[in-house]
Structures are given as C-alpha cells and as structure tokens.
Amino acid sequence: MFKDSFKISCMLVMLFSGCCLSAQSGAVVNSVSLQEFNAGLAQDKGEGHMLAFDEWRYGFYVDINGDTSEHLLFNYHTNSDKLFARKPQEGMVLNLNENLISLLILDKNEGEGQEKFELINWQSFEDFPDYSRFCVRLIDKPDFEIIKYYDKRLRVRQGRIDGYSEGAKPAYLSKHRYFWRKTDNDSFKEIELTRQNIQSILSKKQQEEIRGYIKANKLKWSREEDVLRMLASVF
C-alpha cells in the first residue's frame with residue numbers, strides 16, 4: 001500500500017513538473033546572456049532603454065494549452081513587443097514566442113496586487129501598430145472596453161553634468177497609453193483619461209450620472225483608479 005501511494009505521488013510530481021517544463025520550453029525561442037542582452041539595449045537612441053518596465057516584474061504566464069510557467073522575471077520591448085523572461089540571480093534572458101502565450105500575470109512593482117496582460121492583435125487597433133501588444137484589460141464589459149499599454153517614448157529633457165549645462169538630452173520615459181471601444185466589432189481608439197476626453201465619449205445622461213458619482217464618492221480625475229470607477233459606474 002505504501003509503495004503504491006509513493007509511486008502515485010512520484011508520478012503526479014513528475015507529471016506536474018513536466019507540464020511546467022513543457023510550458024516554459026515550448027514558448028522559448030532562444031536565449032542570450034544578460035550581458036549580451038543589455039549590450040543590445042545600449043544601442044538604442046537615448047538614455048535608459050525601451051523595455052516597458054524600468055524594473056523587471058515577477059510573475060508567470062499561461063500558454064495557449066492552459067499550462068502554467070514557473071515564476072520568472074518578465075519584460076517586453078516596446079518597439080517590437082517581444083516578450084522576455086529570466087530567472088532571478090541567473091545570467092540568461094529567454095526570448096519567448098508571445099503567440100503561444102494567452103495570459104501574462106505580473107506583480108505590481110509599486111504596490112500589492114497583480115495585473116493580467118493579454119496579447120491584443122494589431123488589427124484590433126484603429127491605428128495599426130507594427131506588432132500585437134501586451135495590454136492590461138482595465139474594463140471588459142459587453143458594451144465598453146478599455147485597455148492599458150505600458151509604452152516608452154523618446155523625450156528630450158535637460159541634464160547637467162559636473163555643474164555645466166549639457167543641453168537637451170533624449171531619454172526613454174515611461175508612458176501609459178489607454179485605448180477604448182464599445183463592442184468587439186469596433187477598433188480600439190486611443191484616449192487620454194482626462195475629463196474632457198472621457199466626457200466626449202459619454203452620453204449626456206452618463207455625464208450627469210458620473211458627476212453625481214464623483215460627488216458621492218469624492219473621486220478625482222487625476223487618479224487612474226478613480227476614472228475607472230467612474231466609467232464602470234455608467235457602463
């Protein structure tokens with residue numbers, strides 16, 4: 001009896017380990033050393049890098065077969081939307097096939113909680129990007145959707161070295177971009193979460209309802225979570 005139970009337990013462990021291994025190895029296109037990877041980033045046009053997150057984010061992915069990867073550090077390149085992963089304290093970066101990944105779940109660096117990323121097909125956007133994008137679904141209702149994309153933009157900023165003005169310096173700065181649509185048949189259109197822009201997509205009745213909701217809940221247009229609460233209350 002003990003031998004049989006032990007054998008079954010070992011089989012289950014091997015089966016589970018095999019699922020995780022196959023999920024990870026099946027999505028890996030190739031790998032490079034972290035040093036080589038960072039050297040490639042240094043060839044970009046400005047200070048910093050074009051990776052979506054300044055700090056790699058911890059999490060896991062679910063592939064198209066429903067298998068779950070081990071916990072890894074993740075980032076993606078905002079120019080090509082290539083997804084990369086690496087193990088903490090290890091010197092190799094894995095280039096993943098994003099088309100084999102259905103869901104990416106990452107911890108938030110700035111606080112508790114997680115964000116769920118999905119690969120949104122490039123044809124789903126009104127202005128076609130060059131590649132499909134990993135986006136967070138913030139609101140997902142039958143008559144309204146809004147998604148967020150972590151982007152990097154090359155900006156010019158003033159810098160000083162050794163007390164002397166260096167003039168304008170280009171640098172890659174983080175930018176949150178938002179897109180919305182009403183139905184699956186519509187294309188995602190970019191929008192900024194400002195009062196004027198949000199009101200432009202609402203009916204007069206919805207605008208009145210939001211004004212009352214803001215007053216009752218003491219919300220602010222300057223906070224993303226507050227704007228999402230406003231929108232969720234009228235859709």
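Numbers for the structure displayed
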read-out: Checklist (1) open to solvent by less than 50 Å² (accessible area, probe 1.4 Å); (2) without any contact (Cβ under 8 Å) to a residue 12 or more places away in the chain applied to PHE125, failing item; value: (2)
read-out: Segment 75-91 - residue that is in contact with a Leu (Cβ under 7 Å, 6 or more places away or on another chain), within 14 Å of LEU34 (Cβ to Cβ) and not small (Gly, Ala, Ser) and, of those, surrounded by the fewest Cβ atoms within 10 Å (Cβ to Cβ); value: PRO88
read-out: Of residues in segment 163-178 being under 30 Å from PRO129 (Cβ atoms) and in contact with a Gly (Cβ under 7 Å, 6 or more places away or on another chain), the one modelled with the lowest pLDDT; value: LYS169
read-out: Segment 198-235, residues that are assigned to a helix (DSSP H, G or I), loosely packed, with under 14 Cβ neighbours inside 10 Å and hydroxyl-bearing (Ser, Thr, Tyr); value: SER200
read-out: Single residue of ARG133, ARG160 found to be at pLDDT below 90 and among the charged types (D, E, K, R); value: ARG160
read-out: Qualifying residue in segment 56-70 (condition: under 23 Å from LEU193 (Cβ atoms), out of contact with any helix residue (DSSP H, G or I) (no Cβ under 7 Å at 6 or more places or on another chain) and not small (Gly, Ala, Ser)); value: yes
read-out: Residue check for SER102: closer than 22 Å to LYS182 by Cα, surrounded by 13 or more Cβ atoms within 10 Å (Cβ to Cβ) and touching a strand residue (DSSP E or B) at 6+ places or on another chain (Cβ under 9 Å); value: no
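The values are calculated or read from the model by the stated rules, or taken from the named source; none is laboratory data. As the structure is a computational prediction, the values presented were derived from the model and not from experiment. Cβ sites come from the backbone with ideal geometry, for glycine too, and all protein chains shown count toward neighbours. Accessible surface is based on the protein model in full, side chains and every heavy atom, while ligands, DNA and RNA are left aside. Shrake-Rupley method; radii C 1.70, N 1.55, O 1.52, S 1.80 Å.
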